[in-house]
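Please read the structure below before turning to the comments.
Just so it is clear, none of the values below were taken in a lab; they were calculated from the coordinates. Everything quoted here is computed from the prediction, not taken from an experiment. Counting neighbours? That spans all protein chains shown, and the Cβs are built from the backbone with ideal geometry, glycine included.
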Amino acid sequence: MSEAGALRGASRREFLGTAARLGAGAATASVLPLIAAGRADAAKPRRAAGASATESVTGDASLGAHGVAHGLLYGCAVNMNALAADAAYAALVREQCRIVVAENAMKWGSLRPSAEGFRFDEADALVAFAEANWMKIRGHNLVWHQSNPKWLDATATKENARELLVTHIETVAGRYAGRMHSWDVVNEAIRVEDGRADGLRNSLWLRLIGEDYIELAFQTAREADPQALLTYNEYGIEEETRAGEQKREAVIEMLRRMVARRVPVDAVGVQSHIAAAATASGSQTADSQYAAGLMRFIAAARELGLQVFITEMDVNDRALAAEIAGRDAAVAAAYKQYLELALGDPAVKAVLTWGITDRYTWLGHEEGRADGKPERPLLFDAAGKAKASFYAVRDAFDQRGQKSYLSG
Ligand code: XIL
């Protein structure tokens, strides 16, 4: 069994034990040395990217610190099994992140074992971990076409769907009200291929409630948690392709209609699951893969008064040859080009990667690399060492304000 598989099998008792240990006292105590370490780092001279193995990447040298210095929240999606079982992983998240999001723990599939019941142990553990370490929290997500429990498909009807959706949002967003930075209220509602003029995906919620399920979800979330920034989150709007352009147009049109109708939407999440290009340096192709279309989208969102979050970034290396140094360089180049571009717009306020170490990534489980080798899509390697992509992201943060798409 793979390590990830072994972790998925970690017993519930083990998990709950660790969750209890993550109570405020213990976690706060463990954070104090980190703060002290941060101060010590500040006194050391900075080194350029490229970096020896011994260079600190924590404290003032962390992504969290570099992000904040440029008006950005950096964070990552957290795997709750790993957080419970792997102390080095927990330390890495604590050291680097100013914001966290549950990779799965706040989805319907995790929270709703049955139609009547809610199960909050993992979601609560994430919130406790974040608060004990002064991190902000994104909620992900309240409405999606995936990760829905089987009972939902079997029991939801046109008659009860509105109530099911409203009760879920009131209960979940209400539980954490006042403590969330933002909520992904609706995830991935556009699918142009489904053939509707408005581009809406033919999902369970669309079929049962109709197109105003989106408005219903945002209104209910606003009432349940007036402080969270309510976000529409989407994938497939990054690439400079015809499909990307069609999807961008459909998403912006939907957001425009929402704003015109005073639906309470505050932000748009650009997932940013991107791919490294198969050139030697990665540079030229990546430049044209992610370019003006993405920037037009971000600018259009800004003009609608929305903030923009990069919510789930990772860089898959499927197109690249196996050799590790070359792969890591191309993945780093893709991070740098994409972020330098996107961060040129002041509407972008947060960057989250979908995981932080290659030890735990959702990639590779379904369609991985053709050679079967583990993908290296994140910022730290499986042993917890910062890769070229870490320095690339940090450099992109540092470039912010110096190299602006808007002024250039
Ligand atoms: C993924 C998780 O990473 C996996 O562990 C899970 O099996 C499926 O969902 N877009 C999203 C995320 O909005 O919720 C998805 O997360 C990745 C794609």
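Counting other Cβ atoms within 10 Å, which GluC sites (Glu not before Pro) in segment 156-202 have at most 14 and lie in a DSSP loop?
Listed in order of number, the matching sites are E159.
I need the phi-derived Karplus couplings for segment 96-104: 6.51 cos²θ - 1.76 cosθ + 1.60, θ = phi - 60°, integer Hz, Gly and Pro marked x.
9, 9, 9, 8, 10, 9, 6, 5, 9
For the pair Q146 and A278, how long in nm is the line joining their label points, each one 7 Å along Cα→Cβ?
In this crude label model, Q146 to A278 measures out at 2.4 nm.
Determine, from the Cβ-Cβ distance of A115 and V68 and an R0 of 41 Å, the FRET efficiency 1/(1 + (r/R0)^6), rounded to the nearest 0.05.
My answer for the efficiency is 0.45.
Check Q307: other-chain or 5+ apart residues with amide H under 5 Å from its amide H, H built from backbone geometry?
A267, V268
Under 1.5 on a/c is rounded, so check that first for segment 292-408, then, if it is not, pick prolate when a/b is larger than b/c and oblate when it is not; a ≥ b ≥ c are the square roots of the alpha carbon gyration tensor eigenvalues.
Prolate is the answer for segment 292-408, as a/c is 1.5 or above and a/b outweighs b/c.
Pull out a ≥ b ≥ c, the square roots of the eigenvalues of the alpha-carbon gyration tensor of segment 229-281, then state rounded if a/c is under 1.5, prolate if not and a/b is larger than b/c, and oblate in the remaining case.
The shape class here is oblate.
Once you have the Cα-Cα distance between E193 and A87, take 0.36 nm times their residue separation minus that, and quote the gain in nm to one decimal.
33.8 nm
Hey, with R₀ at 30 Å, roughly what FRET efficiency would R296 and D371 work out to, going by the Cβ-Cβ distance, to 0.05?
0.25
Give me, ordered by chain and number, the residues 5 or more places off R112 or on other chains with an amide H under 5 Å from its own placed amide H.
The list, which skips near neighbours in sequence, is R119.
Which peptide among 123-133, 327-337 comes first, and what is the full order, when sorted by highest mean count of other Cβ atoms within 10 Å?
Descending mean neighbour count gives 327-337, 123-133.
By how many nm would the segment from R179 to R261 lengthen if fully extended, with 0.36 nm per residue of separation less the alpha-carbon distance?
Gain on extension, R179 to R261, equals 26.8 nm.
Hey, got a sec? Which trypsin sites (Lys or Arg not before Pro) in segment 169-221 land in a DSSP loop and have at most 12 other Cβ atoms within 10 Å?
Hits after loop and neighbour filter: nothing returned.
For segment 305-394, which GluC sites (Glu not before Pro) are in a loop by DSSP, counting at most 10 other Cβ atoms within 10 Å?
Sites meeting the loop and neighbour criteria: E323, E366, E367.
Among rounded, prolate and oblate, which fits segment 186-252 when a ≥ b ≥ c are the square roots of the eigenvalues of its C-alpha gyration tensor, a/c under 1.5 means rounded, and a/b larger than b/c means prolate?
It comes out oblate by the Cα gyration axes.
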